[in-house]
Amino acid sequence: MKDRTRLVTAGRNPRQQHGIVNPPLYRASTVLFPTLDALEGARPGEGVYYGRYGTPTTFALEEALSEIEGEGARSVALGSGKAAIVMTLLALLEPGDHLLMVDSVYHPTRACCDKLLKRLGIETTYYDPRIGAGIETLMREETRVVFLESPGSLTFEVQDTPAITEAARRRGIVSVLDNTWGTALLFKGLERGVDVVIQAATKYVGGHADLMMGVVSAREPVWERLRQAIDQFGAPASPDDCWLALRGLRTLGVRLRQHQDAGLRVAEWLAGRPEVAEVLHPALPSFPDHELWKRDFAGASGLFGFVLRPCTRAGLAAMLDGLELFGMGYSWGGYESLLIPTHPAKVRTATRWDVDGQTMRIHIGLEDPDDLIADLDAGLARLHA
Ligand SMILES: *Cc1c(COP(=O)(O)O)cnc(C)c1O
């Protein structure tokens, strides 16, 4: 079966639900057992046990996501993408361990390394997202995890994931990928050698700017170790959010295709504007990592960056404050378009972000791209007015 078909069929069984198409929303804390034998024989992780371990709604979502992630994957849904990242790192690392973290990582992940992990005696080395097989030179005796995020947050470098995971596997180091940008539809992490794939389902899986969720997917032998440690946090995604995420998942394929097509149109339009110095979009042939993206990805999503030529803050404010269709706010992946200025140079330590001008992050939603371009056109006219 192809992914687009799986998105429709996975995680539901109408015949067990009175013929109703969608799995019902089960909320629960207590689960009753009919006999002493059943009570004493039940185990968490094997069917319905107690609300904290999930309800049939949670399991339906986790099963569907696992099926799309690929053969043998198991998944757990947690309260946010950030929670999924932090719990995974805490599950895999101990005091004295060393972590290799990509320099273009989502900033709250960096904050976890610099604060929480540091306090626990776990050392982080940041590496160049374009390091490829050269990652080997940074691996030490105590290195336990190499963390990737591709394309990188804000700057969109595409990593050579197969080369990095291959180097990690040779040394018994666990590789973890934040795959939020592409989802399993555009990049199959486990098939590319990644041991643990994380995504903020808050973004494209939810797709409607109305839920927070993180998902961790892995295969054996890493899965069981991960699941047991994550269980210790006792912080599952709520069944209500799982139900919404399952609903979002059904349309992920068509939404992503639309985000991609409209995103590329806007990216190409921006690239031709005199106010724009550079467009940071892996699907543009001018982008430095374009060939890697073409080799490894099945498409592009609707999130990318661009660099405005130097402008005043007043000009930038005039441009952004007057936009009618683009909102300013964090997160992305919903049906609505967003545009914010970003500051990658401030947070990097292993590499430099050296551009002359203002870096921006743009999310292209499901509006008609003609209208989005008209809104941006008027905005750029205000930039130097
Ligand atoms: C948004 C985001 C996260 C965090 O997800 P939340 O659900 O907001 O906690 C993690 N990684 C990336 C790449 C993101 O864009």
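Overall shape of the range 211-259 was characterised from the C-alpha gyration tensor. The equivalent ellipsoid obtained from it has semi-axes of 26, 15, 7 Å, in decreasing order.
In this label model, residue 345 and residue 36 are separated by 7.3 nm, measuring between points 7 Å along each Cα→Cβ vector.
Simple point charges give the picture: +1 on the Cβ of Lys and Arg, -1 on the Cβ of Asp and Glu, and for the range 317-365 a dipole about the Cα centre of about 320 debye.
222 nm [θ] for the chain, helices only, -39500 (n - 2.57) per DSSP H run of 4+, per residue, to 500? When only DSSP H runs of four or more count, the value is -10000 deg cm²/dmol. Taking 16 Å as the straight-line reach from the Cα of residue 115, the lysines in range (excluding those fewer than 8 positions away in the same chain) are 82. Straight-line cross-link reach from residue 118 at under 14 Å between alpha-carbon atoms covers these aspartates and glutamates, not counting any fewer than eight positions away in the same chain: 94, 97.
Where both bridge residues fall in the chain, DSSP classifies roughly 60% of the beta bridges as antiparallel. Note on residue 352 and residue 335: the model spin-label points, each 7 Å out from Cα along the C-beta direction, lie 4.6 nm apart.
Each part gets one Cα centre, and for the range 306-379 versus the range 1-43 those centres are 42 Å apart. In this structure the amide hydrogen of residue 277, modeled in the peptide plane, comes within under 5 Å of the amide hydrogens of 307, 308, 309, none closer than 5 places in sequence on its chain. Using θ = phi - 60° in the Karplus curve 6.51 cos²θ - 1.76 cosθ + 1.60, the 3J(HN,Hα) couplings for the range 187-199 round to 8, 8, x, 5, 5, 8, x, 6, 7, 10, 10, 10, 9 Hz; x is entered for Gly and Pro. With distances taken between every two different alpha-carbon atoms, the range 239-385 has a Kirkwood hydrodynamic radius of 16.3 Å. Taking amide H positions as placed 1.01 Å from N in the peptide plane, with prolines and chain starts having none, which residues 5 or more places from residue 366, or on another chain, fall under 5 Å of its amide H? Those qualifying (amide H under 5 Å, at least 5 residues apart or on another chain) are 336, 337. With both labels modelled 7 Å from their Cα along Cα-to-Cβ, the residue 378 to residue 309 distance reads 2.4 nm. Descending by average beta-carbon neighbour count within 10 Å, the peptides 8-21, 361-374 line up as 361-374, 8-21, the highest first. If the segment from residue 16 to residue 291 were pulled out straight at 0.36 nm per residue, it would be longer than the present Cα-Cα gap by 94.3 nm.
Note on 340, 122, 198: ascending count of other Cβ atoms within 10 Å places them as 340, 122, 198, the fewest first. Cross-link partners for residue 2 among the lysines, with Cα-Cα distance under 24 Å and sequence neighbours closer than 8 places in the same chain left out: 188, 203, 294. Cβ-Cβ distance of residue 265 and residue 43, R₀ of 45 Å, FRET efficiency by 1/(1 + (r/R0)^6): the value works out to about 0.30. Restricting the calculation to Cα atoms, the range 78-147 shows an Rg/Rh of 0.95 when the hydrodynamic-style radius is the Kirkwood one. Answer rounded, prolate or oblate for the chain, using the Cα gyration tensor with square roots of eigenvalues a ≥ b ≥ c: rounded when a/c is under 1.5, else prolate when a/b is larger than b/c, else oblate. Taking the square roots of the gyration eigenvalues as a ≥ b ≥ c, the chain is oblate.
Taken together, the values in this text are just the output of simple stated rules run on the coordinates, not laboratory data. Everything numeric here is computed off the predicted structure, so don't read it as measured data. So basically every Cβ, Gly included, is an ideal-geometry build from the backbone, and we count neighbours across all protein chains shown.
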